[in-house]
Structure formats: C-alpha cells, structure tokens
1. State all residues of segment 202-228 that are outside any helix (DSSP H, G or I) and surrounded by 23 or more Cβ atoms within 10 Å (Cβ to Cβ); if no residue qualifies, say none.
2. Condition first: within 16 Å of ligand 1 (Cβ to nearest atom), under 30 Å from TYR64 (Cα atoms) and surrounded by fewer than 15 Cβ atoms within 10 Å (Cβ to Cβ). Can you find one or more residues in segment 252-270 that meet it?
3. Is at least one residue of segment 109-117 assigned to a loop (DSSP other than H, G, I, E, B) and aliphatic (A, V, I, L, M)?
4. Suppose we filter LEU297, LEU327 for residues that are surrounded by 14 or more Cβ atoms within 10 Å (Cβ to Cβ) and either aromatic (Phe, Trp, Tyr) or without any contact (Cβ under 8 Å) to a residue 60 or more places away in the chain (or both); which single one remains?
5. Could you tell me which residue of segment 86-119 is farthest from ALA38 (Cα to Cα), considering only residues that are open to solvent by 10 Å² or more (accessible area, probe 1.4 Å) and without any contact (Cβ under 8 Å) to a residue 40 or more places away in the chain?
6. Checking ALA164 against (1) open to solvent by 10 Å² or more (accessible area, probe 1.4 Å); (2) in a strand (DSSP E or B): exactly one of these is not met. Which one?
7. Pairs only if they're at least six apart or on different chains, beta carbon under 7 angstrom, first in segment 169-180 and on the phi > 0 side of the Ramachandran plot, second at pLDDT below 95 and within 11 Å of ligand 1 (Cβ to nearest atom); list them, first residue then second.
8. Mind listing just one residue for me: the one in segment 44-68 that is in a helix (DSSP H, G or I) and more than 16 Å from ligand 1 (Cβ to nearest atom) and, of those, nearest to MET286 (Cα to Cα)?
Amino acid sequence: MNQLELIRALPKAELHVHIEGTFEPELMFEIAQRNQIAIPYQSVEDVRQAYNFHNLQSFLDIYYAGANVLIHEQDFYDLAWAYFEKCAEDYVVHTEMFFDPQTHTDRGIAFEVVINGLQRACDDALEKLGISSRLIMCFLRHLSEEAAFETLAQALPFKEQIIAVGLDSSEMGHPPSKFERVFAKARELGFLIVAHAGEEGPAQYVWEALDLLKVNRIDHGVRSEEDAQLMQRLIAEKMPLTVCPLSNLKLRVVDNMAQHNIRRLLQQGVHVTVNSDDPSYFGGYMNDNFIAITEALDLSNAELKQLAMNSFEASFMPETEKQKWKLQIQNLS
Ligand code: HPA
Ligand code: ZN
C-alpha cells in the first residue's frame, strides 16, 4: 500500500474538532435562509473569500459570526450530521467533538437546544454510520471565570452526555491560570479535562494547563518544543498533544507545512495525534490533514500507523474499543 492508500484505509479517531468549525458555507446559507437571518455575504463564494484570516483572532471573529445563524435544535443536528458524513468519508470511526455553549447561550439560545441537537446527531451517527462520539464542552477563555462557572452549572443536567471540559478561543492574555478554580470544580464533578495551550501562546501556558488545570490532553501544544524541560515532561507522562496541521498553517503558527514539527515531535516520543480543528475554515478534514503532512514531511507508513494508533490511545474510549481499533491498524500492511 502506498501512503495515500494507507491514509484512507486507516481507522482514525478525531480528538480536536470544534463542531462550529465544521460549518460549511453551503449549510450556513441554507440555515440562514430558513431562519431568516441576514448574513453579510451574497454567495457561498463570497463566504470563502472572507476566509482570509492570518491569525487566531481574525479567524475567531468570522467563526463566531457564522455561528449566529444557528437557532433551533435541528440546526445543531444538521451541523453535526454534516460533519459525521465527512467522518464516514475519511474513515474517522470515533470523534470527540468540542462545542462552545457560550457562543450560543450568550445569544439567548438555551443550552439544551444546543446539546439536544448535537446528541441526536451523535446517536444517529452510531446507529446509521457506526461512528462513536463524545461531546466536550469548552469554556471561552476571553470571557470571565464567572461566566465559565455559570456555564458549568448549566451543563450539570447533561453531565452524562459530556465527557470532558475544555478551554478554547483567544489564547494570548488568557492563560489557563485564569480558570484554575472552575476546572478544579469540573474535575471534582467527574469531568475529564483538556485545554488549548501552546498554539499561539507560549510553553508557559502548557505548563499551566498541566499543573493547574491537570489536563488529560493538551490541544495543539506545538510550541512545547521551545522548552526542553517541558518536552521531557510530556514524553515521560505520555501526555497527548492533539495537533492540527492545516489549522497551524492557515493561522500562521507555521510559515509552511515543511516546517511543521509534528514529525519531529513524533520521533522524539511525544504522543501526537492528527486533527482537523475547524475543517470548514482551514481547508480540510482528517484525511486532508494526513495528506498535507505526508507530502510535506515524507511520513513513512510506520509513522502514519503510529499517528492513527495514538489517536485511539489518547481517546476517551473504553479500553476494549481502543484495543479493537489498534489491532485493525496493526493488521494493515
Ligand atoms: N484555537 C482556539 N480556539 C478555537 C480554535 C482554535 O484553533 N478553533 C475554534 N476555537
Ligand atoms: Zn481548536
């Protein structure tokens, strides 16, 4: 099998995808129309033209604007279902999806409208596509600690449907330490913990995510390489980094894909995985990310298999399920 065939044949788990970041312009137009919400674009082409961001904040401004058309439970269902169809095409058999409740509750959309729509799509994905999934609720870090506490309280009736709590949005100036107490509460309540750190922010934020938030995984974390001691810690603890190559390229975390450090991280023994982050905005879903790094960094088949293995190992799936998929990967030639 050549690399491209192997990428397609590998079962994969996606551990870093924002469901609001899978919103394709075609669906955005359709939902805007049926909800009679004006959007500042004339056409699908117009929307794509607007995606000329060059850092995290300029992306987030457009990403939050796009989410404004989501009003009804069915809208959230349609959004997630469209993503599951992409998963099926890419042989993503398990996905742990972020959602940002505050993006919606701050517009007057009830928490339950959001989670019920997403959950129904998750249930259908298992039944109709054989894709398993979990939901991860993220706090927006540009908002206050108090707002995060309120969101955590709103999530409690849905605790069984949320596997973990995460931290996303504008990283610079909003270190993990700002949310130490609310994450302590979330841990106490039994949630697993993840956090975006070391995407645009410094290695110091990764230390804080480990020491103060006590994360089970780091989202992005690519700037960890700047700190040798941190690298040792990540390797020793087998701490997963959910890396998002096309996102890093689009938001200029790296200048070109040949400079991406995912292969170096892998070779040094860091537990890296491949993910799409906000695929509608960053130019590709799971396999596009695999293909982009394979072409730029000449990954071997053994490395591709290791990345897919890592995705299951780092997932929050039951151990028996993990073993099943890892065996299938081992058996691929
Ligand atoms: N980083 C931080 N926040 C986000 C991202 C990201 O890549 N995507 C959606 N929210
Ligand atoms: Zn992200």
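1. Across segment 202-228, the qualifying residues are VAL215, ARG217, ILE218, ASP219, HIS220, GLY221.
2. Yes; the residues of segment 252-270 include at least one that is within 16 Å of ligand 1 (Cβ to nearest atom), under 30 Å from TYR64 (Cα atoms) and surrounded by fewer than 15 Cβ atoms within 10 Å (Cβ to Cβ).
3. Looking through segment 109-117, at least one residue is assigned to a loop (DSSP other than H, G, I, E, B) and aliphatic (A, V, I, L, M).
4. LEU297
5. In this case the residue turns out to be ALA110.
6. (1)
7. SER169/LEU60
8. Among residues in segment 44-68 that are in a helix (DSSP H, G or I) and more than 16 Å from ligand 1 (Cβ to nearest atom), the one nearest to MET286 (Cα to Cα) is ARG48.
The values are calculated or read from the model by the stated rules, or taken from the named source; none is laboratory data. This structure is a prediction, so every number in the text was calculated from the model and none was measured. A quick note on method: Cβ atoms are made from the backbone with ideal geometry, for glycine too, and the neighbour counts reach across all protein chains shown. Accessible surface is based on the protein model in full, side chains and every heavy atom, while ligands, DNA and RNA are left aside. Shrake-Rupley method; radii C 1.70, N 1.55, O 1.52, S 1.80 Å.
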